[in-house]
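The values are calculated or read from the model by the stated rules, or taken from the named source; none is laboratory data. Remember, predicted model here, so these are calculated numbers, not experimental data. Neighbour counts run over all protein chains shown; Cβ positions are idealised from the backbone, glycine included. Surface areas here come from the heavy atoms of the whole protein model, side chains and all, with no ligands, DNA or RNA. Shrake-Rupley method; radii C 1.70, N 1.55, O 1.52, S 1.80 Å.
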Amino acid sequence: MQYCVAPMQATSWDDLRFFLAVARHGTLATAARELGVNASTAGRRIQALEKSLRVRLFLRTREGLRPSAAGEQLRQRLARLEPELARLVGGELTPAEAVAGTVRIATTEALAAYLVDRGLCALKEEHPGLVLELLGGNRPVDLARGEADMAIRVTKPEGASLKVRQLQAQTFGVYGVPGYLRQRGRPRSERELEGHDLVVVGGELGALPEARWMEKQQGARVVLRTNSMPALLAAVRKGIGLAVLPAGWAQVESELERLFDVPELPRRPMWLVIQPEAWERAAVRVVATRLRELLDPG
């Protein structure tokens, strides 16, 4: 008798290694050790594959888990593909159909716009089944509770279970636009900021070192405080005042001119943080790689 196994969906590819490991070993625990995860994760991946294929793949016996008739049929079909499948999940082979589904990225409002401007969405051309969800805001998300798959943060996160990658450290400078500089002059040091108008991050961002540095400038006038980096950038572009910004903005805001560096401000690294179970998805790994390319080009 032939059992009907539904066509494999794109989201099933990363689950097939779990199926093959369980079929080979007969227990979730042993398969999980081989794959470097815990048994509950392996169990969830088998359940996800069964739901995707709409069949029961394993039967519980005294000897352990034994492939059902449909499971054995699938195992035989995959036997000759296992080397390619290993390359697929290992990152050596990433066909477009394997990288699909929604990947949620939590970051600041300004950095979300920066990533779009730098070309993050070009991934759609390489992987048509991929959907990016950018969650911009200053409130840290809780990855452990599934609020996002990954986050880009300016403070090192705590939590041993999280996958954390340090990105390139940011340097800071004072920026303005030509219209403002023609009217008000071009300061070339901290002492020459006297008499200038400043726009400063405020609210929950007011404790940042760059905000404190700007607030202490004697003889300069703060004309705008905002917790919105896009609003701050808009104010600088309109010639309302000068601002301290990360050096990377010069690459995407061509109208801004870097006036001088602020060596008093320490270099500040960014951190790419990934929820462990999300990392098992090929789509998440592809997006993480592109984020590292955009934010850590060195």
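At a Förster radius of 45 Å, what calculated FRET efficiency corresponds to the Cβ-Cβ distance of ARG56 and THR289, to the nearest 0.05? List each step's numbers first, then the result.
Values: r = 35 Å, r/R0 = 0.79.
According to the calculation, E is roughly 0.80.
Let me spell out the model: positive unit charges on the Cβ of Lys and Arg, negative unit charges on the Cβ of Asp and Glu, origin at the Cα centre of the chain. What dipole size does that give, in debye rounded to 20? If you can, show how the numbers build up before the last one.
On the way: 42 positive and 35 negative charges, 124 e Å.
With Lys and Arg at +1 and Asp and Glu at -1, about 600 debye.
With a 1.4 Å probe and all protein chains left in place, how much of the accessible area of the chain comes from carbon and sulfur atoms, in whole percent? Intermediate results must be reported in sequence, preceding the final value.
Values: 7650 of 15500 Å².
Of all accessible area on the chain, carbon and sulfur atoms account for 49 percent.
Across bins of 5 angstrom width beginning at 0, how are the C-alpha pair distances of the chain distributed, in whole percent?
The calculated distribution, bin by bin, is 1, 5, 10, 13, 14, 11, 10, 8, 7, 6, 5, 4, 3, 2, 1, 1, 0, 0.
Rounded to the nearest 5, what is the percent of antiparallel bridges among the DSSP beta bridges in the stretch 152-245? Numbers along the way, then the final one.
On the way: 3 of 9 bridges.
Close to 35 percent.
Between GLY203, TYR180, ALA235, whose Cα lies farthest towards the positive end of the dipole of the chain when Lys and Arg beta carbons carry +1 and Asp and Glu beta carbons carry -1, centred on the Cα centre?
So the residue furthest toward the plus end is GLY203.
With every protein chain present, what is the per residue accessible area of the chain (1.4 Å probe, Å²)? Please list the in-between numbers first.
Details: 15500 Å² over 298 residues.
Ligands and nucleic acids excluded, the result is 52 Å² per residue.
Looking only at the chain, where both bridge partners belong to it, what percent of the DSSP beta bridges are antiparallel (to the nearest 5)? Please list the in-between numbers first.
Numbers: 21 of 36 bridges.
Restricted to the chain, the bridges split so that about 60 percent are antiparallel.
Mind checking which lysines have their Cα closer than 28 Å to the Cα of LYS216? Skip sequence neighbours fewer than 8 apart in that chain.
Cα-Cα hits under 28 Å: LYS156, LYS238.
Place a label point 7 angstrom from the Cα of ARG184 along the Cα-to-Cβ direction, then list the residues of the stretch 201-217 whose backbone nitrogen is under 15 Å away.
201, 214-217
Just going by the charge dipole of the chain, with Lys and Arg at +1 and Asp and Glu at -1 on Cβ, which of VAL116, LEU245, VAL131 is farthest out on the positive end?
Result: VAL131, furthest along the dipole toward the positive end.
Take GLU72 and PHE260, extend 7 Å from each Cα along the Cα→Cβ direction, and tell me the distance between the two endpoints in nm.
Using points 7 Å along Cα→Cβ, the separation is 8.0 nm.
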